Every structure is written in C-alpha cells, then in structure tokens.
Amino acid sequence: MTIDASPDRAPDNPVGAARALIAARFERLPLCRWHVTVRLIVGAVTFFEAFDQLLIAYALPELRDEWHLSTSRATLLLTVGSIGMLVGALLSGRLADRIGRVKVIALCVAVSSAANLALAASPTPDVFMALRFVQGLAIGGEVPVAATFIAEITRSHRRGRFVLLYELVFPAGLTVGALVAAWVVPVLGWRWMYVLAALPGVLCVVVQRKVPESPRWLADHGRTDEAAAVMDGIEAEVERVTGKRLPPVGTIPDPVPAEAVPGERHAESAEAAATGLRGLFTGRYRRRTLVIGVLWFTGYFVNYGITSWLPTIYQNRYDLSLSDALLYSTVTSCAGLLGCLVAALTVDRAGRRRVITGCLGGAAAMLLVLAFLGARTPLEVLAWTSLAAVFFFGSNICLYLYTPELFPTRMRALGSSVGGAMNRLGVILGPIVVGAVYAGGSVTPVFVTLGAVAVVGAVVAALGAEETAGRRLEEVSP
C-alpha cells in the first residue's frame, strides 16, 4: 500500500503519514553544501567536546605533582568526568526526545565552555573533581544527541560514509587535544589548556541560529506543519546551492495504525507503540539494546583503558620525560584517527557488522601480541598500541553511525544515549581496572586484560549485530 505526496490526502494516521513523507523527502535530497554546512557546525561542537574529553589525561602528570595525588586519587580524578558523562548521556537522550535535538546540543556546549573556565581556576582537587563532573554532563549529553541529529538529516544512500566523515571530528578533536596539550602543558601549564578549551562556547549561539530542528523529530511529535515548513526551507536551500530542481517525491509506505494490525502482527503493534526505556527492551529493540550496550562498553573500556594511562605508564615505567611521554601518546591518537578514516571509507561497502567485528578482533590481536612480547621497551609499546588504536578507534566511530540506525525517531536519541552511557561505563571502568592491574608494577597483564575485553566485543558483534547499510531509518526501525 502507498500514499501519494499530495497535501490534499488526509490518511487515518496523519502523524504516521507525515513521518513517512518527511523520510521520503529526505531520500530525494542529494548530498550537497547544505549537508556539509550543517555537518561542519554540529561537527565543530563535537570536535571541541572531544578536545575537552581527553585533556585530563595530559594534565594528570602535572596535577599529581601539584596536588601530591596518590594513584587512587588520580584514578578518581580521571573517572569522575566519565561518571558525569554517563549521567549526561542518559539525561540528554530523554531530553532530546522531548524538547528537540538542536536545543540540547546548544545547551551542552554552553555548559561545557563555562565548566572549562571554572576548571582553569580550580584551587583544590575537590573543586576540580566537582567541575569535571559538570563538564562530563555536557560532553556526555552532546555527543549522542549530535550523532542522532546527523543521522536524521541524511538519506540512506551512502549514509555510513557521510555520517562517519562527520564523526571523524571526534577523534580529530582527541588528536588535536593531544597535540595542543603536548605543547601547552609543558610550556604554560595545565590551567591555560582549560582556558583555551573554553573559547568555543560561542558555538552555542551559532547552532541555535544556523541549524534547523530535525524535521523527523518534529513530525514524530505531531508538529507536522513545523516539520513541513522546515523541510520546505531545507529543500529550497538544496535547490539553491545545487542549481537544480529536486525530483518529485516517490511513493512511500502507508502508515498502518497500530490498533489496526491483526493477529500475528500484534508484537509489531506493541513495538510501534512502545516508547522510553521500556520501548528499548520491547520486541526487536531488546536484542539491539543489549548488543549495542556490550559493543559500546567493550570498545571504550579498551580505548580509555589505554589512552588514559599511556602518558603515566611511559613516564613511570619507562622513565620518559613528560614531553616524550605526551608525544608517544599523541602518536597513538594519530594512528587511531587513521583507523577512523579507513572505517568511514569502507563501512557502506563492507557493512556495519563486518567493520565492527573486524576492528574489535584486530584490536584484540594487537594487544595480545604486545602482551606476549612482554612490552619490554617504550618503542614496542608505542608500535603495538598504535596498531591497536587503528582498530579500536575504527570500531568505536562506527558505533556513532550504527546506534541511531537501530532505533525509531520516538526513542532514537534515548537509544543513542543508552549506548553513550555504556560507553561512559567502559570509560570509567577501563582506567580503574588498568590502574588496579598496573599497581602491581607490570604492564603485560594490562594488555592481556584489554585484549580479552576486545575479544568479547568482537564475538558479540559477530553473533548479534544486525546489518543496516543502505536501508532507510524507518525501514530498519519502524
């Protein structure tokens, strides 16, 4: 069954018809300068949130000396921001599904900027930790909502490449943060690093003025006239920048009211009506939520288990200077950026499942080889952790594309934020576990532990992940 795109048609399910029509209108939009402009603005926000996220790892050696922190106290300083990110991810998803994607993105960047300024003036470790929690709320809140928004304005054809080229801004932010910190911290100190990180707060105004609300979200909330008006504006801008008229809207599936679905389709009816946290564990979404949670957790457990402690390991275990320890860690981050680029260019052709499985498996292999070799020299650690970073960065960036595809508009931001919360749980526990294992004085068990966790993620991806490449969001998640 189909409905035409005529505004004169008044189906029994007007909200469902509006959702379907908005999706069809997005499918006819060619990727053009309008998409790139929006991607750059939202990407700039995500870039600086990533920049903020990694700064603590590079400030930690100086903070330990200045405030005479024990290993357990330093670990708490690392993880309190991640606790804030976990809470922020859960709160922002529900908030973005209620009040809109763009408002939440702008709010998060404003809070993050203010927190950075306050961090620069922190007089004590306790104040610093409290502010790190607030900063974490903003970072954890912005990233999954931004990923949701970008997915919702992109058509199905080559969506993986487009979204992941946007998501490259996150590892790029991590890499630039590492480069800036490697220079600023030894020369100016850690406080100036946080002053610089506060400057992008002006982006909250740019986002509010230049980025339209997601028409998919507006239609899903019954604001069909607003959704149509925003879509009209987007289409007019696309026609202006391309110099071509858009093709007509094709036929689209007839939205059947949930209560009209008979007999064997009652389960699908329950899925279509489910919302909120309960909806994430209803029907097909239960398995998706569990699988995606494991993938986020394992990927970021490995990622931050390594990156958070590498500068300290290089300095304490191998007696490198602070500047050399930061430089070696930066090389690993740069290698991860290369892995993200490779994933972005292959994810549509190879598919989400294969890329995520292969990357987690590759990361496991590199880490276990390093453990087998004994991690005898800093150059050996540098080489094998950099190779591992190519893989686990590639896997993790794919999750920002894959997760929004698995959930419908009514709970897409919430589903993404639950994935983000599991990400934060991995970010919290990864450094804690590595710190506990490393307390014994040997680095070999560290890499065995991280390799084993990566193996778990690879197995779950191979057995439980669904393929979504080339399919409309509404087809994957009705």
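Which residue, of Ala172, Ala219, Ala236, Ala227, is within 30 Å of Gly336 (Cα to Cα) and of a type in the set (A, V, I, L, M)? Please lay out each step first, then the result.
Details: Ala219 fails: within 30 Å of Gly336 (Cα to Cα); Ala236 fails: within 30 Å of Gly336 (Cα to Cα); Ala227 fails: within 30 Å of Gly336 (Cα to Cα).
The conditions single out Ala172.
Here are some residues: Thr224, Thr148, Thr154. Which one is within 30 Å of Pro30 (Cβ to Cβ), surrounded by 19 or more Cβ atoms within 10 Å (Cβ to Cβ), among the hydroxyl-bearing types (Ser, Thr, Tyr) and more than 20 Å from the chain's Cα centre (by Cα)?
Working: Thr148 fails: more than 20 Å from the chain's Cα centre (by Cα); Thr154 fails: more than 20 Å from the chain's Cα centre (by Cα).
Just a single option satisfies the conditions, and that option is Thr224.
Which one of Ala388, Ala371, Ala363 is among the small types (Gly, Ala, Ser), surrounded by fewer than 23 Cβ atoms within 10 Å (Cβ to Cβ), out of contact with any Cys (no Cβ under 6 Å at 6 or more places or on another chain) and assigned to a helix (DSSP H, G or I)? Testing whether each residue is among the small types (Gly, Ala, Ser), surrounded by fewer than 23 Cβ atoms within 10 Å (Cβ to Cβ), out of contact with any Cys (no Cβ under 6 Å at 6 or more places or on another chain) and assigned to a helix (DSSP H, G or I) leaves just Ala371.
So, of the residues in segment 196-216 that are part of a helix (DSSP H, G or I) and among the charged types (D, E, K, R), which turns out to be surrounded by the most Cβ atoms within 10 Å (Cβ to Cβ)?
Just the residues of segment 196-216 that are part of a helix (DSSP H, G or I), to begin with: 196-210, 215-216.
If we keep only those that are among the charged types (D, E, K, R) as well, we get 209-210, 216.
Working: Arg209: 9, Lys210: 14, Arg216: 27.
Per the criteria, the residue is Arg216.
Applying the condition of being in contact (Cβ under 8 Å) with a residue 40 or more places away in the chain and part of a helix (DSSP H, G or I) to segment 374-383 and asking which residue is surrounded by the most Cβ atoms within 10 Å (Cβ to Cβ) yields Val381.
Is it fair to say Ala219 is free of Cβ contacts under 8 Å to residues at least 12 places away in the same chain, more than 30 Å from Asp52 (Cβ to Cβ) and either not β-branched (Val, Ile, Thr) or not in a helix (DSSP H, G or I) (or both)? No. For segment 51-77, which positions are surrounded by 20 or more Cβ atoms within 10 Å (Cβ to Cβ) and within 24 Å of Cys334 (Cα to Cα)? Listed by number, the residues that qualify are Phe51, Asp52, Gln53, Leu54, Leu55, Ile56, Ala57, Tyr58, Ala59, Leu60, Pro61.
Bear in mind that the values in this text are calculations on the coordinates, not laboratory data. Just so we're clear, the structure is a prediction, and the values are computed from it rather than from any experiment. For neighbour counting, all protein chains shown are included, and Cβ atoms are generated from backbone atoms with ideal geometry for every residue, glycine included.
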